[in-house]
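Okay, so here's the structure we're looking at.
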Amino acid sequence: MSMPGPHFTHEVRNQVPPLAGHDVAADPALLEAVGREEAGWVCAELHELGLLAGQAGTQELARLANEHSPVLRSHDRYGNRIDEVEFHPAWHALMETAVGHGLHAAPWADQRPGAHVARAAKFYVWSQAEAGHGCPISMT
């Protein structure tokens with residue numbers, strides 16, 4: 001069984017095409033600042049994150065994360081307090097990438113010059129994919 005395609009009623013001409021397949025880190029001002037602040041060693045990882053942030057698949061994860069907000073589960077079904085937050089799998093995928101690139105704590109374990117600048121630059125680049133997941137990442 002094939003799924004029906006979209007139902008077209010008119011040509012939409014007042015919207016830009018989807019921006020996918022680009023490197024979010026290809027920002028001359030960002031790259032200049034990173035180099036100036038002795039964190040140029042992070043540029044390869046910035047571009048890796050920038051390409052991830054610019055992918056259509058990441059944009060879909062961001063859409064899903066925004067559509068399915070985290071849900072507080074204060075009590076279990078027996079009335080016991082649990083204070084648990086339930087996240088949609090898209091949130092977990094975005095947070096996994098963030099943690100995998102050290103956005104949660106890397107500069108405190110890295111003694112290289114510019115470690116905090118490198119984290120800030122990576123946070124800036126990756127949060128362009130979806131900013132909301134940065135809150136739990138930055139608080140860990």
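Here is how the numbers come out for the structure above:
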{"quantity": "25 °C / 0.890 mPa s Stokes-Einstein diffusion coefficient of segment 12-67, Kirkwood radius on C-alpha pairs, µm²/s", "calculated": "191"}
{"quantity": "Hull shadow area, averaged, segment 71-117 [alpha-carbon convex hull, nm²]", "calculated": "4.8"}
{"quantity": "Cα→Cβ-extended label distance, 7 Å offset, between residue 139 and residue 99, nm", "calculated": "1.6"}
{"quantity": "Alpha-carbon radius of gyration plus Dmax, which is the widest Cα pair, for segment 10-140 in Å", "calculated": "17.6, 58"}
{"quantity": "Net lengthening on full extension, residue 43/residue 112 (0.36 nm per residue, minus Cα-Cα)", "calculated": "23.4 nm"}
{"quantity": "The chain - mean residue ellipticity at 222 nm from DSSP helices (-39,500 (n - 2.57) per run, n ≥ 4, rounded to 500)", "calculated": "-13500 deg cm²/dmol"}
{"quantity": "Dipole magnitude of the chain, debye to nearest 20 (Cβ charges: Lys/Arg +1, Asp/Glu -1, about Cα centre)", "calculated": "200"}
{"quantity": "Stretchable slack from residue 36 to residue 19, in nm (0.36 nm times residue separation minus alpha-carbon distance)", "calculated": "3.2 nm"}
{"quantity": "Residue-span extension gain [residue 131 to residue 10] - 0.36 nm each, minus C-alpha spacing", "calculated": "40.3 nm"}
{"quantity": "Choice from 54, 79, 100 showing the highest fluctuation, given a GNM over the chain with Cα pairs closer than 10 Å", "calculated": "79"}
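Every read-out reported here was derived from the displayed coordinates using simple, explicitly stated rules and does not represent laboratory data. Every value quoted in this text rests on a predicted model; they were computed, and no experiment measured them. Glycine gets a Cβ as well: all are built from the backbone with ideal geometry, and neighbour counts include every protein chain shown.
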